[in-house]
Amino acid sequence: MRGYVTKRLLIAVVTLFGMSIVIFSLMRLAPGNIVDILFESAGYVDQADKKQLERELGVDRPLAVQYSRWVGEVARGDLGKSYRYDMPAWRIIKPRLPVTLELAFLALFFSILLGVPFGVLSAVRQDRPLDYVLRVLSLAGLSMPAFWLGMIIILFFVRALGWMPSITYVSPFVDLKANLWQFTVPALAVGYRSSALIMRITRSAMLEVLREDYIRTAWAKGQRGTLVVWRHALKNASLPVITVVGIEFAFLIGGLVVTETVFNLPGVARYLVDAILLRDYPVVQNLTMFIAVVVVLANLAVDLLYAWADPRIKYEKA
Amino acid sequence: MAQVRALDVVADTQILPIERPRGSALGRFARKKPLGAAGGILVLLLVGTAVLADVLSTHDPVRTSTNVLVAPGADFFLGTDNLGRDLYSRIVHGSRISLLVGLASTIVGTVLGGLIGLISGYAGGKTDLLSQRVMDIMQALPILVLALVLAAALGPSLPNAIVAISIPIVPRAARVIRASVLGIRELTYVESARALGARHVRIALRHILPNTMGPFIVLATAQLGGSILVEAALSFLGLGIPEPYPSWGRMLSIAAAEYAERAPWLVIWPGLAISLAVFGTNLLGDALRDTLDPRLRGS
């Protein structure tokens, strides 16, 4: 187990290191550095001022120096400064984190709540009408842009029920009910999409397990159907499902980028889009790195969970 | 009279059905996989619309007019947008953008990833280890986030959008093809080719590559829907296809938010077009996966 954990940790560190190089290079691909952009919006250019600012921000230094300085800052948890808002990026990100986390976990909750039971039902009723209906529904979920689904839901609420989505964000500590109302719809829109993948994996894992000898034994000894399916079979089918839930988490963050924009939720993902549109590159660079860290940590957590759930793994791969 | 009868008999025997699997390969596929066939029809519809866009459209998709926000009716099948452009014609022309960007980025991404997977799987050892790590790194960002950052770094244009969407596909394609190469590499016929003294490049390209076509087609079909969705999302956020190309994703961004209540058709139709196109490729991809490569089922 120890060897396995060490190996996973090492891979995570290497991955993040590589990602930092990729992100850093990408940001240098963009036309113009931050100083150009700042001066561009100012309208006039005083070369001396520009040189001064370039020196202050360190963009006149060699790339290697800029890179190592950045990595040092990120490693110390310093997410840099937003030049657009003229304040530390962390001060902008911090109040936005709970919004994104609440949305992500609610969406994950819905996706598991929908995906796992429907996947099991679909497997038990393989090639029957119910299976077809569920499979078509899940494929439909994979085919709709989450942001569009969100818009349609809002439209439906507004037209049919006369309900208006709250324009401003409501904190759960101020008004829990209003907060949940605000988050349930976007979480469902994102979660439905993710549930489709979870359902497909659950279905195929269950189909495999249901053919195993020990399941036949359980049937043969007269075990109740619900018990065989939901306890004996699902337990062993849950391993691939755990993996896909971990992958889903990363996928979900991608989905949030657009969903937060549609539902007007002041989350981290939307701030990334805003920063890109405002060309606030230092913030984009740090936020992207931040997302990579979250994704790698989520994958690491899944790997560890997997090793804990399946004792065979820690001996095999260590 | 008797002669005529005899001829009839001859004619009858000639058209007697011969014992063989009924229908063409396509027909059998349709009977066995009705959902896949439905997906195929949707994809054909998409391709047909894209090819015949000029014939099918009733108005100029980019010309503005004073007929602003007209409800769907006889003149404008699906209504008009806030600039008085005919939504139906824009959606018809938008199919070209979706299909072009979707296909191009899928092909670029899967071919590039496939080649990396082929080399990595065939060479093995350190090459494999290194490329695997690089692919891991590329997968550390969600597809949409990586595409978003790429699109931002490259700037908005049609070719740049294609590049931005294809890069995130590369590691995913490399993984699938590598796995399939690893299996094929150990087969006896590859061993015999090696024993005959065939060079590595020849073995990889002539003996292994053709056998990865099954998983490759499955992968590409499945990715096509994903690429269309990413394009829609990028354009929706204003980082994808720039004006004047009518992109389904961007149609949703400009109009939808502001005019949704007054003109719900602006939200409904472009989104439905995206969903149907992606739904079609997904249905087809699923059926192809089951038919061509049972091992990939459910993955």
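Laboratory data are not the source of any read-out in this text; all were calculated from the coordinates shown. All of these numbers come straight from a predicted model, not from anything done at the bench. Here Cβ is always computed from backbone atoms with ideal geometry, including for glycine, and neighbour counts include all displayed protein chains.
Each 10 Å bin from zero holds the following percent of Cα-Cα pairs in segment B:173-267: 14, 27, 17, 15, 14, 9, 3, 0. Helical content of the protein assembly as shown, expressed as a calculated mean residue ellipticity at 222 nm, amounts to -23500 deg cm²/dmol (DSSP H runs of 4 or more residues, -39,500 (n - 2.57) each, divided by residue number, nearest 500). Along chain A, counting only trypsin sites (Lys or Arg not before Pro) with a DSSP assignment other than H, G, I, E or B and at most 13 other Cβ atoms inside a 10 Å radius, the longest segment between sites is A:77-210. Simple rule: put +1 on each Lys or Arg Cβ and -1 on each Asp or Glu Cβ in chain A, find the dipole, and look at A:A12, A:L121, A:G162; the Cα lying farthest toward the positive end is A:L121. Which of the aspartates and glutamates could a cross-linker bridge to A:K50, judged by Cα under 20 Å and excluding same-chain residues fewer than eight apart? The reachable aspartates and glutamates, counting only those whose Cα sits under 20 Å from A:K50, are A:D36, A:E40, A:D60, A:D86, A:D280.
Return the ratio Rg/(2.2 N^0.38 Å) for the protein assembly as shown, where Rg is computed over Cα atoms only.
For the protein assembly as shown, the normalised Cα radius of gyration is 1.08.
Near the amide H of B:L78, within less than 5 Å, lie the amide hydrogens of B:G73, B:L87, B:Y88, all on another chain or at least 5 residues away, with H placed in the peptide plane. Using a Cα-Cα cut-off of under 25 Å, which lysines could be cross-linked to A:K51, ignoring same-chain neighbours fewer than 8 residues away? Here the lysines satisfying the reach criterion relative to A:K51 are A:K81. For the pair A:F17 and A:D127, label points projected 7 Å from Cα toward Cβ lie 5.2 nm apart. The aspartates and glutamates whose alpha-carbon is closer than 14 Å to the alpha-carbon of A:K7, local same-chain residues fewer than 8 away aside, are A:D303, A:E316. About its Cα centre, the dipole of the protein assembly as shown is roughly 2120 debye, where the only charges are +1 on Lys and Arg Cβ and -1 on Asp and Glu Cβ.
With N counted as the residues of segment A:141-284, its alpha-carbon radius of gyration over 2.2 N^0.38 Å works out to 1.42. For segment B:39-109, the spread of Cα coordinates along the three principal axes comes to 42, 23, 18 Å, biggest extent given first.
As a proxy for reagent exposure, B:I241, A:I154, B:I217 were ordered by neighbouring Cβ count within 10 angstrom, fewest first; the result is B:I217, A:I154, B:I241. Its residues counted as N, chain A yields a C-alpha radius of gyration over 2.2 N^0.38 Å of 1.22. With semi-axes defined as the square roots of five times the eigenvalues of the C-alpha gyration tensor, the equivalent ellipsoid of chain B measures 40, 35, 14 Å, largest first.
Using only side-chain charges placed at the Cβ, +1 for Lys and Arg and -1 for Asp and Glu, the dipole size of segment A:170-318 relative to its Cα centre rounds to 660 debye.
Computed from the C-beta positions of A:V65 and A:A309, the FRET efficiency with R₀ = 45 Å rounds to 0.50.
Modelled label positions at A:L137 and B:A195, each set 7 Å beyond Cα in the direction of Cβ, lie 5.6 nm from each other.
As a rough footprinting exposure proxy, the listed residues A:M19, A:M206 were ranked by other beta carbons within 10 Å of their own, and the order from fewest upward is A:M19, A:M206.
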